[in-house]
Amino acid sequence: MSNFTHWNEEGRPKMVDISDKTITNRTAIARSTITLSDEVYQAIQQGGIKKGDPTQVAQIAGIIGAKKTADIIPMCHPIMLQGTDLQFEYTKAEVGYELHIQATVKCSGKTGVEMEALTAVSIAALTFYDMCKAVDKSMVIKETYLVQKTGGKSGDFLHK
């Protein structure tokens, strides 16, 4: 287990000590995709979702998710985020549509914000599903992944 940083000498979980790390500007971008039927897409476009605009509510939920990441992911450090933003883009798919959700999270700190960005898109996708499930429960939350991260000791990352 020596390769894993979240295990102590006794083989038990621990939160990594970041006290000696350098403060750097850090950014993470994550994406998630949801498939949805023509029926759901049309209901959204026509204002037919009874709970309201699903992307507006998902946007707020995603921001809250980023802020609350340390509360739900046990080994994450609480981070003072300097910015969180989400973008939503519908594309026509072979069958129905896809909604692509992207979150960008920024901070200046001793640890990265990858988990915050991933949590933001995950919570946004779950919220979108919740908002639209009355119309059609067959939506599928698909790929959720880290697109890019900058800053920190491990350097930059770009998903290929």
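The values are calculated or read from the model by the stated rules, or taken from the named source; none is laboratory data. This is a predicted model, so every value here is computed, not measured. Here Cβ is always computed from backbone atoms with ideal geometry, including for glycine, and neighbour counts include all displayed protein chains. The accessibility values were calculated without ligands, DNA or RNA, using every heavy atom of the protein model including side chains. Shrake-Rupley method; radii C 1.70, N 1.55, O 1.52, S 1.80 Å.
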Identify, please: which residue in segment 70-89 is open to solvent by less than 40 Å² (accessible area, probe 1.4 Å) and part of a strand (DSSP E or B) and is, among those, farthest from residue 57 (Cα to Cα)? 83
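Can you find even one residue in segment 109-129 that is assigned to a helix (DSSP H, G or I) and among the aromatic types (Phe, Trp, Tyr)? Working first, answer last.
Narrowing segment 109-129 to residues assigned to a helix (DSSP H, G or I): 114-129.
In the following step, the residues that additionally are among the aromatic types (Phe, Trp, Tyr) were identified as 128-129.
Yes, segment 109-129 contains at least one residue that is assigned to a helix (DSSP H, G or I) and among the aromatic types (Phe, Trp, Tyr).
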Given the conditions (1) farther than 19 Å from residue 29 by Cβ; (2) open to solvent by less than 10 Å² (accessible area, probe 1.4 Å), every one holds for residue 97 apart from (2)
Where a residue in segment 100-122 is at pLDDT below 95 and its partner, wherever it lies, is acidic (Asp, Glu) and open to solvent by less than 10 Å² (accessible area, probe 1.4 Å), with Cβ under 9 Å and at least six apart: none
For segment 130-145, how many residues meet the condition of being closer than 15 Å to residue 55 by Cα, open to solvent by 70 Å² or more (accessible area, probe 1.4 Å) and in contact with a Lys or Arg (Cβ under 8 Å, 6 or more places away or on another chain)? 0
Within the group 16, 57, 40, which residue is of a type outside the set (Ser, Thr, Tyr), farther than 19 Å from residue 157 by Cβ and open to solvent by 30 Å² or more (accessible area, probe 1.4 Å)? 57
